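Below is one structure, written out as structure tokens, with a few remarks after it.
The values are calculated or read from the model by the stated rules, or taken from the named source; none is laboratory data. Remember, predicted model here, so these are calculated numbers, not experimental data. In this analysis, Cβ positions are derived from the backbone assuming ideal geometry, glycine residues included, and neighbour counts consider all displayed protein chains. Note: areas computed on protein heavy atoms with side chains; ligands, DNA, RNA excluded. Shrake-Rupley method; radii C 1.70, N 1.55, O 1.52, S 1.80 Å.
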Amino acid sequence: MIGKISFLIIICLIWSLFLFEGPKSVNAGEKIPIGSQIALYKAQQLAGQKKIDQAIEVLEKFRNKERLKKKRAKNNLRSYYHFLVDFNLGNFYFLNNALDKAAVSYQTVVKKNPDFSPAWINLARCNYELDRFLKAGECFAMGYKTGYATLKEKKPELLYYSAISFMTGNDYQKALNIFKELLALDPKPFKLIWQEALVQVYLALKKPYKALPHIINLAEKTTGSKQLNWQEILLQQYLELGMQKRALEYLTDLTKKDPLQQKWWKGLVHLHLAQNHQQKALVALTVYEYIKPLSRDEQKLKADLNLMLGIPKQAAICYENILADGLEPAIIKRIAQSLQSLQNYSKALQWIEKGLEKFKNQELLMQKGNLLYEMEKYQSAMAAYQEAAEFDKTTAGQAWLMMGYAAWNMNDLISAKKAFSRAVKYKNPGRAAKRALKQLKKMDN
């Protein structure tokens, strides 16, 4: 929900507007009764001296006296006092922050004179300040309709205030209707801040495609931090609407227009990753790193991308930098994998041993066994595989299988058969273990 906004109160009766030197016409042919003129003049003088309470007292006494006369005489109230008495009373109450009383006075005015726009506008302000947002929306609309709809110089701001009030009251459909009326007046004076509110209405009504042209315009025409915000919103909308290609084009364009804005490069990294463009993601991440130092997670991503793209040397350097800030089993496993790809088995083994000193787990033990196996140190590999198998028997199948192969390479067929026989009990490695046992059986024959 849009938060309360601050409206500039429209006190249409400026203190000098209705000075009563003599009878004045409000509408053609309508004169203010002399009694009302006198009461208003007295109240005006007091208000000019900042004696608002006394001004209220003067008008209240006059109104109560005239109401009593009406009750006794059963005459028309209009002949005793004018609606401007209620209007000024509302203004004085408003200045005293007595908004409930001000609203009652303005309500009396519009009941007597439904075409008096200033009362509708001030009533709208009271209702808004009192959190009566839907009523405020109706009143602002009436203020426009009764006072400005037919004028050459219209006041479209009143329709905007009406729409904002409906938005604040969560009646987005009414807000949209008002915005459509506002747009119909003349698209040219439709301010960017109004367009921002219209976007919120469309999104609240789950009409993102309707909002999209306005978001595009805001992303183009706003400036500073506000423009950055709308550019992000536009990008997010493209993604949410499944317009991946358009999002990529837009983000690429943003990196060209503002190459030092880190958000765009970071966004480009994630967008390329989402589309499995690993090489382009790495390029974008490299540029991003020139603008801003990478976080630990971003360093991991850079290292992983290098490893996936077959650049193990760079991956190993990245992983080593990460491990300088603290050991982590997954990273130790990956640096060993990178070094293994470079056939630097001894250094890979050093990292595994360092990891096992702090983190004893089956994956590191298996990796140790695999390294030793590749180094043709089968006896040591068997010991590592056995330790891995005994570490967690529920997932020991692969360890027993590899232990069997290591023993076989040493021509220790008895140990190989024992290991393969244990591996057979596990689903996936079991098939390979069965084939190995069949071969060993043939060899015996």
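Among the candidates L268, L282, the residue that is farther than 26 Å from E328 by Cβ and in contact with a helix residue (DSSP H, G or I) (Cβ under 7 Å, 6 or more places away or on another chain) is uniquely L268.
Scan segment 297-312 for residues that are surrounded by fewer than 16 Cβ atoms within 10 Å (Cβ to Cβ) and among the hydrophobic types (A, V, I, L, M, F, W, C) and the total you get is 2.
Scanning segment 359-393 for residues that are within 45 Å of the chain's Cα centre (by Cα) and open to solvent by 60 Å² or more (accessible area, probe 1.4 Å) yields K360, E363. When the helices (runs of 4 or more DSSP H) confined to segment 259-310 are screened for residues that are without any contact (Cβ under 8 Å) to a residue 60 or more places away in the chain, of a type in the set (A, V, I, L, M) and more than 23 Å from S341 (Cα to Cα), those reaching at least 1 such residues are found at 262-274, 278-291. All conditions but one from (1) open to solvent by less than 70 Å² (accessible area, probe 1.4 Å); (2) assigned to a helix (DSSP H, G or I); (3) over 27 Å from Q275 (Cβ atoms) apply to F190; the one that does not is (2).
Assess whether L123 counts as being more than 19 Å from I193 (Cβ to Cβ) and of a type outside the set (S, T, N, Q). Answer is yes for this residue. The requirement of being modelled with pLDDT under 60, of a type outside the set (A, V, I, L, M, F, W, C), exposed (fewer than 14 other Cβ atoms within 10 Å of the Cβ) and at negative phi is fulfilled somewhere in segment 6-16, by at least one residue.
Let's see how each residue does on (1) open to solvent by 20 Å² or more (accessible area, probe 1.4 Å); (2) polar (S, T, N, Q); (3) farther than 30 Å from S165 by Cβ:
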{"residue": "A197", "(1), (2), (3)": "no, no, no"}
{"residue": "K207", "(1), (2), (3)": "yes, no, no"}
{"residue": "P213", "(1), (2), (3)": "yes, no, no"}
{"residue": "A219", "(1), (2), (3)": "no, no, no"}
{"residue": "L234", "(1), (2), (3)": "no, no, no"}
{"residue": "A247", "(1), (2), (3)": "no, no, yes"}
{"residue": "Q261", "(1), (2), (3)": "yes, yes, yes"}
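Against the numbered list (1) open to solvent by less than 10 Å² (accessible area, probe 1.4 Å); (2) at pLDDT 90 or above; (3) not in a helix (DSSP H, G or I), N97 comes up short only at (1). Taking the criterion of being of a type in the set (S, T, Y), closer than 18 Å to H82 by Cα and buried (at least 21 other Cβ atoms within 10 Å of the Cβ), the residues of segment 100-153 that qualify are S105, Y106, S117.
Quick check: anything in segment 62-76 crowded, with 19+ Cβ neighbours inside 10 Å, closer than 21 Å to N122 by Cβ and modelled with pLDDT of 85 or more? Yes - at least one qualifying residue is present in segment 62-76.
Residue count for segment 378-424 under the criterion of being of a type outside the set (S, T, N, Q) and outside any helix (DSSP H, G or I): the result is 5. Filtering segment 313-343 to residues that are among the polar types (S, T, N, Q), touching a residue at least 24 places away in the same chain (Cβ under 8 Å) and open to solvent by 10 Å² or more (accessible area, probe 1.4 Å) leaves Q337, Q340, S341. Flag not set for K155, criterion: under 25 Å from the mean Cα position of the chain (by Cα), under 21 Å from N122 (Cα atoms) and not acidic (D, E).
Going by the structure shown, is E157 assigned to a helix (DSSP H, G or I), surrounded by fewer than 24 Cβ atoms within 10 Å (Cβ to Cβ), of a type outside the set (A, V, I, L, M, F, W, C) and modelled with pLDDT under 95? Yes, satisfied.
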